[in-house]
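Take a look at the structure set out below.
The values are calculated or read from the model by the stated rules, or taken from the named source; none is laboratory data. Because the structure is predicted, anything quoted here is derived from the model rather than measured. FYI the Cβ positions are ideal-geometry reconstructions off the backbone, even for glycines, and counts take in every protein chain you see.
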């Protein structure tokens, strides 16, 4: 009897619990609207929105390379399955044409679609929730005045139960806190502006912060280095692998122009980021640099000393002469490959961004893992279409995985003080087979849309 | 060390770090591949290794032991040109001609692995190879013709590419 009562009680609890979860998880539909006329938006608001869309790098996911801007359909591989980006053009049937501004604001703030469905966090609402109402209004004006495109992405390929969107309510309960950015009164205006851009629309942490097994960013390791499209996104905190210490000025230069003489050229997915940032005013870039420099913190005296010493050494030119007689075990073959294949560019003294970087300065060669070095050597840096860009030939068809291992072993030993990478052969094999998918882009990165931010279709 | 070039094995006496291009031209007197930039940026030095197009100016021979190297000389002879060569002759697809051997080898690598490559694929694949004379349209036309000739050659081996 007692046990029966217990069961009834437990049953009631479960019913209440499940009902509660449903109420928590359930979001109402927001009534559809007739797609607004272009004239209903203020031109300056649209232009402001264009800049914000560039900060958000919306085009990166919502435009399929070679396809129409913002029409979605890009394949986004995740550890959980494949997601296809949605059409965010103002097409009434297949895009967001029937979304009111309130529906758009809710999607950005809470990660909920117009009809009330929870959105997958591949759409980084964990960052976009920070965006102010005013900025969302401008973004809405920009997106709603793009060319409507009729296009429906393929259905997502996610296993049960992840294909049930209600599950996302649980994910949100665990990992998502909504709310616009609140300024830190202890910091100045520039820092706060930077934090707003970096952690909000810029969603830097989406790549540069490591994720847990459920795909959420580890809050305790904010900007401590993550992963993006098969590339390591380097740490932006104190654990940065850059041999020359970053500071506010060098970060500003790098973000402003996409390269820095002491650090090299932005490549991989970062090329697209710096390309997009080109639209921002200097003051915003400076604010981002200020904030990130504060996250990196003051380097240790030793790190600072090493950095200064390296910059002095770099001034006296490359270290070729030391290489040619190096016939040590790991050095022999790797050194010969380096001299024949790499040194012609990497030691010819031509300045950045078109000369090869002195590899003593390379964050990639100094990185904790070999992935970016493997990507660079195998696939190089393709030329951008129709504009000047840094390039590097790829060596995937020349080097076997063992030869690549010899080369990287040599680079690591000769140009850094770091320990050898031990998994190059296997990583390279997995990279080639596509088991580890890598996206390869030119250094300006803007190959997805017809123009920088996809603002005008040709 | 031994190098397999166009089906024959050559004993080469050169520093293992020597770029393949120099060995081809200076030691083996195979002068099709050209020195352009020496940086892997122009494609004039392109040859095939194991069926893939590579920049011979940046490839030390120590990487090539036991691998099959092919140059334009391996595609056919003056008397019996291979389909790629025949197509370039028929389309008169050369101005100064300096880039042509590289163009041919990259196109050959593409069409060997993908006989039905689309026009767009041909164009994208040839991107790393530069032509300074502006002969691009003829070069593309020649490669498209080669695409057809190679299929015919594959059906009738006697008139086609010399087996090397």
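Numbers at a glance
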read-out	value
Among residues of region A:146-163, those that are buried (at least 22 other Cβ atoms within 10 Å of the Cβ) and in contact with a helix residue (DSSP H, G or I) (Cβ under 7 Å, 6 or more places away or on another chain), counted	0
Enumeration of residues in region B:23-45 that are more than 23 Å from residue B:94 (Cβ to Cβ) and facing chain A (nearest Cβ under 10 Å)	B:39
Failed criterion for residue A:376 (all others in (1) within 11 Å of another protein chain (Cβ to nearest Cβ); (2) assigned to a helix (DSSP H, G or I) hold)	(1)
Among (1) surrounded by fewer than 22 Cβ atoms within 10 Å (Cβ to Cβ); (2) in contact with a strand residue (DSSP E or B) (Cβ under 9 Å, 6 or more places away or on another chain); (3) at pLDDT 95 or above, the one test that residue A:371 misses	(1)
Of the criteria (1) at pLDDT 95 or above; (2) on the phi < 0 side of the Ramachandran plot; (3) within 14 Å of chain A (Cβ to nearest Cβ), which one residue B:11 fails	(3)
Index of the failed condition, residue A:227 passing every other in (1) at pLDDT 95 or above; (2) in contact with a strand residue (DSSP E or B) (Cβ under 9 Å, 6 or more places away or on another chain)	(1)
Single match in A:57, A:87 (criterion: more than 18 Å from residue A:205 (Cβ to Cβ) and under 24 Å from the mean Cα position of the chain (by Cα))	A:87
Candidate set: region B:46-83, residues that are at the interface with another protein chain (Cβ under 7 Å from one of its Cβ atoms) and not in a strand (DSSP E or B); chosen: the one surrounded by the most Cβ atoms within 10 Å (Cβ to Cβ)	B:59
One residue from A:94, A:98 being surrounded by fewer than 21 Cβ atoms within 10 Å (Cβ to Cβ), without any contact (Cβ under 8 Å) to a residue 60 or more places away in the chain and assigned to a loop (DSSP other than H, G, I, E, B)	A:94
Residue list for region B:123-159, filter: part of a helix (DSSP H, G or I), closer than 24 Å to residue B:38 by Cα and in contact with a helix residue (DSSP H, G or I) (Cβ under 6 Å, 6 or more places away or on another chain)	B:125, B:139
Sole exception among (1) assigned to a loop (DSSP other than H, G, I, E, B); (2) more than 29 Å from residue A:304 (Cα to Cα) for residue A:235, by number	(2)
Some residue of region A:429-439 being in contact with a helix residue (DSSP H, G or I) (Cβ under 9 Å, 6 or more places away or on another chain), free of Cβ contacts under 8 Å to residues at least 40 places away in the same chain and in a helix (DSSP H, G or I)	yes
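Residues are listed down the side, and each one gets a yes or a no for (1) crowded, with 21+ Cβ neighbours inside 10 Å; (2) free of Cβ contacts under 8 Å to residues at least 60 places away in the same chain; (3) part of a helix (DSSP H, G or I):
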| residue | (1), (2), (3) |
| --- | --- |
| A:48 | no, no, yes |
| A:53 | yes, no, yes |
| A:59 | yes, no, yes |
| A:65 | no, no, no |
| A:69 | yes, no, no |
| A:76 | no, yes, no |
| A:88 | yes, yes, no |
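Here's the yes/no breakdown for (1) buried (at least 21 other Cβ atoms within 10 Å of the Cβ); (2) at the interface with chain B (Cβ under 10 Å from one of its Cβ atoms); (3) closer than 27 Å to residue A:225 by Cα:
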| position | (1), (2), (3) |
| --- | --- |
| A:386 | no, no, no |
| A:396 | no, yes, yes |
| A:411 | yes, no, yes |
| A:414 | no, no, yes |
| A:422 | no, no, yes |
| A:425 | no, no, yes |
| A:429 | no, no, yes |
